[in-house]
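Working notes, beginning with the structure itself.
The values are calculated or read from the model by the stated rules, or taken from the named source; none is laboratory data. Note that the structure is a prediction, hence the values are computed from the model and not measured. In this analysis, Cβ positions are derived from the backbone assuming ideal geometry, glycine residues included, and neighbour counts consider all displayed protein chains.
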Amino acid sequence: MAHREVQVRIPLDDSYPSYVDSVLDEFADRLDAESEFCDDQEEEGDEVCFYLYGPDQDRLIEVARAALAQHSLLRDGVYAVKTATGRDDAGEGERISL
């Protein structure tokens with residue numbers, strides 16, 4: 001089963017990094033451990049980026065929305081990016097507002 005990546009990006013603010021561990025735990029609780037996982041998070045410029053992997057990018061986005069809503073992190077500027085795993089992937093770099 002091929003794993004596809006979704007990057008969840010949140011603008012940095014004064015609350016970072018206080019929410020990181022609880023959001024990682026929330027992802028772990030909501031993801032299917034058999035086929036999905038959150039690899040890690042890192043600061044990238046003026047954003048924090050969480051990396052989610054699984055066979056269905058749309059499901060990963062729904063998990064991200066639910067997890068971020070649980071922590072009141074759905075706000076302006078929060079988005080996900082469906083990244084490609086192959087050259088012919090039509091979703092390469094597709095940005096989705098959360």
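Annotation for the range 31-47: at least one member residue is exposed (fewer than 13 other Cβ atoms within 10 Å of the Cβ), closer than 20 Å to His3 by Cβ and touching a Gly at 6+ places or on another chain (Cβ under 9 Å). For the chain, the strands (runs of 3 or more DSSP E) that sit wholly inside it and include 1 or more residues that are out of contact with any helix residue (DSSP H, G or I) (no Cβ under 6 Å at 6 or more places or on another chain) and touching a residue at least 40 places away in the same chain (Cβ under 8 Å) are 4-11, 47-54, 79-82. In the set Asp14, Asp25, only one residue is modelled with pLDDT under 95 and loosely packed, with under 14 Cβ neighbours inside 10 Å; that residue is Asp14. Going by the conditions given, is Val63 in contact with a Lys or Arg (Cβ under 9 Å, 6 or more places away or on another chain) and of a type outside the set (S, T, N, Q)? Considered against the rule, which asks whether it is in contact with a Lys or Arg (Cβ under 9 Å, 6 or more places away or on another chain) and of a type outside the set (S, T, N, Q), Val63 comes out as yes.
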